[in-house]
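Single-structure report; data block below.
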Amino acid sequence: MNYRTFTLNGISIFLGLIFFTAGMAKVFYEHRFPGLIGPVWLEEKLAEFGLGLFARFIAYSQIVVGFMLLTLRYRTLGAIALLPMLLNILLVTVSQNWKGTPYVLAFFLLLNLVLLAAEAPKLLHLLGFRTNYAPSGHAPVRYGLLWLAGLGLVLGSVPLSFQNLTAAYVLCVTGIAVGLYTYWKGGRAGKEEKVSPAIPEAIPAPKQKA
């Protein structure tokens, strides 16, 4: 793993942890999941205005997007999905005159833009521009289904937390491990193929005169 990949993966895991734990802390039993940012009481507060379902949607969106970034296989998709989420949260905090929080979110937004900038050839290719992007795939269906199974374990840990908190933690960690396994064995989905330069054919030596 080179320095560039290490840095981008580090940013992805950091943002993934932030938003994955934020979402899980909102929906876990009595908010007992360790979250890095809040507020965990969002659903209770918005339910007073008939927006409880909307708050629950926000929480699960954070879980899914965070899981994409945390497990690295769908890092690009996670970075794309996180952009509008960050912009919305940033505007809410600015309009509510929250102190300090907008600067933290602006930093998260900057990190997310770094991830998107690193995927410029892929994104420009999707927009129809001519680039040298050539995707490489390693059993995309098999690892994709396995990644979804990992996400399913994580989501299943939420209702389980109301029955057995310890088992819910174990199920959640297992789901994350399954997601990371798909990256470890199958790499990132749609990773750019590194094409080796063509080796010129050997020039035949001139025939010597007899």
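The values are calculated or read from the model by the stated rules, or taken from the named source; none is laboratory data. Everything numeric in this text was worked out from a predicted model, so none of it was measured. All Cβ positions, even for glycine, are placed from backbone atoms using ideal geometry, and neighbour counts span all protein chains on display. For accessibility, only protein heavy atoms count, side chains too; no ligands or nucleic acids. Shrake-Rupley method; radii C 1.70, N 1.55, O 1.52, S 1.80 Å.
Shown for the chain: the carbon plus sulfur share of the solvent-accessible area, taken with all protein chains present and a 1.4 angstrom probe, equals 69%.
Projecting the Cα atoms of MET85, LEU53, LEU70 onto the charge dipole of region 47-156 (Cβ charges, centred on the Cα centre) puts LEU70 farthest toward the positive pole. Label positions at LEU116 and PHE129, each projected 7 Å from the Cα along the C-beta direction, are separated by 1.3 nm. Look at where the Cα atoms of region 1-72 and of region 114-130 average out, and the two centres are 26 Å apart. Relative to the longest principal axis of the Cα atoms of the chain, helix 101-118 runs at roughly 20 degrees. In degrees, nearest 10, range 0 to 90: what is the angle between the Cα axis of helix 165-186 and the longest Cα principal axis of the chain? Orientation of helix 165-186: about 10 degrees from the principal axis. Past 30 Å, Cα to Cα, is the threshold; run LYS122/LYS185; LYS26/LYS99; LYS26/LYS185 against it and keep the listed order. Violating the 30 Å limit, Cα to Cα: LYS26/LYS185. Against the globular-protein guess of 2.2 N^0.38 Å, express the Cα radius of gyration of the chain as a ratio, rounded to two decimals. With N residues counted in the chain, Rg over 2.2 N^0.38 Å equals 1.32.
How much area per residue is accessible in the chain when the probe is 1.4 Å and only protein heavy atoms are counted (Å²)? Please list the in-between numbers first.
On the way: 12860 Å² over 210 residues.
That works out to 61 Å² for each residue.
Simple spin-label estimate for LYS185 and ARG32 gives 3.2 nm between the two label positions (7 Å along the Cα-to-Cβ direction from each Cα). Compared with the dominant Cα axis of the chain, that is its longest principal axis, helix 140-160 is turned about 10°. The C-alpha atoms of region 1-94 occupy a region whose extents along the principal axes are 50, 28, 20 Å, arranged from largest to smallest. Largest GNM mean-square fluctuation among TRP98, TRP41, TRP184, using the chain with Cα springs under 10 Å: TRP98.
Between GLY66, GLY35, GLY50, the residue with the greatest mean-square fluctuation in the GNM of the chain (Cα pairs under 10 Å linked by springs) is GLY50.
Label-point separation (nm) for LYS99 and PHE6, each offset 7 Å from Cα along Cα-to-Cβ? About 4.0 nm separates the two model spin labels.
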